[in-house]
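Enquirer: So that we are looking at the same thing, I have put the structure below in structure tokens.
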Amino acid sequence: MTKLGVDARPLRVAIVGSGPSGFYAAEALEKADIAVEIDMFDRLPTPFGLVRGGVAPDHAKIKNVTKVFEKIARHDQFRFFGNVTIGEDLSVEELREFYDAVVFASGAETDRRLGIPGEDLAGSHTATEFVGWYNGHPDYRDRVFDLSQEVAAVIGQGNVAMDVTRILAKTVDELRNTDIAEHALDALAESKIKEIHLIGRRGPVQAAFTPPEIKEIGELADCDVVLDPADLELNEASRIELEDPNNQHSQKNMAILREFAERSPAGKSRRYHIRFYRSPVELKGTDRLESIVLERNELVGEPFSQKARGTGDYETMPCGLVFRSVGYRGVPIEGVPFDEKRGVFPNDNGRITDENGSVLPGLYAAGWIKRGPSGVIGTNKPDSQATVASLLEDVASLQPCPNPSADAVVNRLREKGVQIVSFDGWRAIDAKEIELGRAKDKPREKITQVEDMLAVLNEDEAATPSGS
């Protein structure tokens, strides 16, 4: 049997997805003591996944991690295949023809539903849509949000919910010099939203947002933060959680929230309401969303495992715009088992398994598609390292792919008429965006249509992708 991972026959690995988990997997492979060839695939011409398309435009420092990814991409045996959709342009079966192992790092691309009446009314949206829209993601750049409404609510209290509410609450001047998409900036300039509600089903101790995120809300230029002190009252189990010495996250959050509750409105043009212990039970309206029905909750259960239980106490709140941010789930790829309940690829330590729990040799998962949507960008590094550790343990038993030629996959895609965008091609797009941004005193002006990205490459033959 052919020995893999040696100079005469490097281990060939395909990584599907170019977000943090994909790049951290590539880094772990590059640092391994074996000969390896890594090809990374993304359906967009642009790399970096949620760092580009998910991180809020006013959080530029978080995006500096792309400098690390750029360094990983400079490895001699790394190639980027942008504008290639696995499952369409190349099947998983075809990947197995060209690669000894495939690591799926495709993230969690869709939102979980609330499962309540009226969820599909006009005016009800996913957080993913709005985040993608203001970040210039090609999938969402043409979405329309009715910002003529005066009341908006975001269901959920994680950092994505914080991003959505903060963008709604900020003035245009606070956003103007960020890399927010121009179409979003223009629409937000005309926003009539006056009241923004951040709604969570559990209490302040259980809130998932981080202290820096909640602290920012108290620093908005033209938006008062409003918090009823009654919403900070804790049951015994929550007090135990808060007093745990390992729970500094909640302790810091509570200190900030208590200060908010003591504030008096300063007469700013918008108000940001933080509301705990409430669940949406219905969205109401005739042709579009007009109000939201909330049920007051109480917490039951042991510390650190409390659940929200409805009390039968309801309120109907006028509301014209709702964004749900209650979790994310992966999407299936044909040829890979999928756990519908959890929204992940079933796996054992990163090794993808079938419906019987048996490992499928050569198929691996990393990041959110492996464990579900949890943690921050850095959380994906140890996760991807663990998956690569499993892969490296398996090298001796992997079935070598039948066509290990580095050119074979390039030729297959060209035969299908697919325009591959290499990492050099991405650099050309990157340079164009920075040039467009400079004229507007922005760090970049994102190109938001795939065809326009490809047109940048066609303008410069030197940047035309060669598949390398």
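Every number in this text was worked out from the coordinates using simple rules, so none of it is lab data. These figures come from a predicted structure and were not determined experimentally. Reconstructed Cβ throughout: ideal geometry from the backbone, glycine too, with neighbour counts over all protein chains shown.
Enquirer: Rounded to the nearest 500, what is the chain's calculated 222 nm mean residue ellipticity when only DSSP H runs of at least 4 contribute -39500 (n - 2.57) each, over all residues?
Expert: Rounded to the nearest 500, it is -9000 deg cm²/dmol.
Enquirer: Does segment 383-441 come out rounded, prolate or oblate, given a ≥ b ≥ c as the square roots of the eigenvalues of its C-alpha gyration tensor, rounded meaning a/c under 1.5 and, failing that, prolate meaning a/b above b/c?
Expert: It comes out oblate by the Cα gyration axes.
Enquirer: So between GLU393 and SER305, what do we pick up on full extension, going 0.36 nm a residue minus the alpha carbon distance?
Expert: 28.1 nm
Enquirer: Please report the spacing between the Cα centers of segment 418-458 and segment 244-317 in Å, no decimals.
Expert: First find each Cα centre; the distance between them is then 41 Å.
Enquirer: Modelled label-to-label distance, LEU234 and GLU70, 7 Å Cα→beta-carbon offset: nm?
Expert: If labels sit at LEU234 and GLU70, their model points lie 4.4 nm apart.
Enquirer: On alpha-carbon atoms, Rg over Rh for segment 110-327 using Kirkwood Rh?
Expert: Radius of gyration over Kirkwood radius for segment 110-327 works out to 0.96.
Enquirer: Need one word for segment 200-242: rounded, prolate or oblate. Basis is the Cα gyration tensor (sqrt eigenvalues a ≥ b ≥ c); a/c below 1.5 gives rounded, then a/b vs b/c decides.
Expert: prolate
Enquirer: Oh, and also: Please report the base-10 log of the normalised intensity I(q)/I(0) for the chain, using a Debye sum with one equal scatterer per alpha carbon and no solvent, at each q in 0.08, 0.11, 0.12 (1/Å).
Expert: With no solvent term, the Cα-only Debye profile gives -0.52, -0.95, -1.09.
Enquirer: Return the subset of LYS170/LYS268; LYS63/LYS432; LYS67/LYS416; LYS31/LYS381; LYS170/LYS284 for which the Cα-Cα distance in this structure is over 21 Å, preserving the input order.
Expert: Those over the limit are LYS67/LYS416; LYS170/LYS284.
Enquirer: Between ALA408 and LYS268, what is 0.36 nm times their sequence separation minus the Cα-Cα distance? Round to one decimal in nm.
Expert: 44.2 nm
Enquirer: Out of segment 419-449, which GluC sites (Glu not before Pro) are coil in DSSP terms and have no more than 12 other C-beta atoms within 10 Å?
Expert: Answer by residue number: there is no such site.
Enquirer: Loop only per DSSP, at most 15 neighbouring Cβ atoms within 10 Å: give me the chymotrypsin sites (Phe, Trp or Tyr not before Pro) in segment 227-333, ordered by residue number.
Expert: PHE304
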